[in-house]
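Undergrad: Here's a structure for you.
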Amino acid sequence: MNMANDLPQELRLVVQRLSRRVRFERTDDEITDGQRSVLFHLFGDGAQTLGQLSERDRVSPPSMNRTVNALVALELVTRVASETDGRKVSIDLTPAGRSLVQETRRKRDAWFSARLAKLTPTQRAVLAEAAPILRELADS
């Protein structure tokens, strides 16, 4: 493998295939990947403003507003007015939204665990070392 030329392409292809495969491990087909992303952000980071969610997912505020409106209609998130600033509204998970995220995570973790169990200890160690690097790439 020519590291300079082949590694970016190989990583891109592998990450795309793995991402596509993991998306099949979900509990609800009614919501889009963008909506699911918002639910997972709220689950991990707590209530956020529309602007924070837009920035996190790198989408425009109007686009995020449509996503949040759809999630409100599905009763997966709620808008909560700030007690100190009436102009400020946070988006937070409802119990149904939290449950959906937890069940999706459980299914995905089970899928990964089953595949990781088939690897050698050395292969699992390599993945454990690579995980923080991949996270850094994803967060950049």
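The values are calculated or read from the model by the stated rules, or taken from the named source; none is laboratory data. It should be emphasised that the depicted structure is a prediction, and the values quoted were computed from it without experimental measurement. All Cβ positions, glycine included, derive from the backbone under ideal geometry; neighbour counts span all protein chains shown.
Undergrad: When you go through (1) part of a helix (DSSP H, G or I); (2) at pLDDT 95 or above; (3) farther than 21 Å from Ser19 by Cα one by one for Phe43, which number turns out not to apply?
TA: Here Phe43 meets the rest and fails (3).
Undergrad: Yes or no: the range 4-14 includes at least one residue that is of a type in the set (Asp, Glu) and over 16 Å from Gly97 (Cβ atoms).
TA: Checking the range 4-14: at least one residue is of a type in the set (Asp, Glu) and over 16 Å from Gly97 (Cβ atoms).
Undergrad: Of everything in the range 20-34, what is free of Cβ contacts under 8 Å to residues at least 40 places away in the same chain and closer than 26 Å to Pro62 by Cβ? Give them in sequence order.
TA: Arg23, Asp29, Thr32, Asp33, Gly34
Undergrad: Does Leu116 meet the test of being in contact with a His (Cβ under 7 Å, 6 or more places away or on another chain), under 28 Å from Arg17 (Cβ atoms) and modelled with pLDDT of 95 or more?
TA: For Leu116, the condition - in contact with a His (Cβ under 7 Å, 6 or more places away or on another chain), under 28 Å from Arg17 (Cβ atoms) and modelled with pLDDT of 95 or more - is not met.
Undergrad: On the basis of being farther than 24 Å from Arg20 by Cβ, among the acidic types (Asp, Glu) and at pLDDT below 95, does Asp92 make the cut? If you could, list the steps in order and put the result at the bottom.
TA: Values: farther than 24 Å from Arg20 by Cβ: yes; among the acidic types (Asp, Glu): yes; at pLDDT below 95: no.
For Asp92, the condition - farther than 24 Å from Arg20 by Cβ, among the acidic types (Asp, Glu) and at pLDDT below 95 - is not met.
Undergrad: Residues Ala70, Ala47: which one is out of contact with any strand residue (DSSP E or B) (no Cβ under 6 Å at 6 or more places or on another chain) and of a type in the set (A, V, I, L, M)?
TA: Ala70
Undergrad: Got a sec? Which of Arg21, Arg36, Arg66, Arg79 is among the charged types (D, E, K, R), touching a helix residue (DSSP H, G or I) at 6+ places or on another chain (Cβ under 9 Å), part of a helix (DSSP H, G or I) and exposed (fewer than 15 other Cβ atoms within 10 Å of the Cβ)?
TA: Arg21
Undergrad: While we're on this one: Looking only at the range 71-93, count how many residues are under 15 Å from Arg36 (Cβ atoms) and either touching a residue at least 60 places away in the same chain (Cβ under 8 Å) or under 17 Å from the mean Cα position of the chain (by Cα) (or both).
TA: The total comes to 5.
Undergrad: Going through the range 46-57 one residue at a time, which ones are part of a helix (DSSP H, G or I) and touching a residue at least 40 places away in the same chain (Cβ under 8 Å)?
TA: Scanning the range 46-57 gives a single hit, Leu50.
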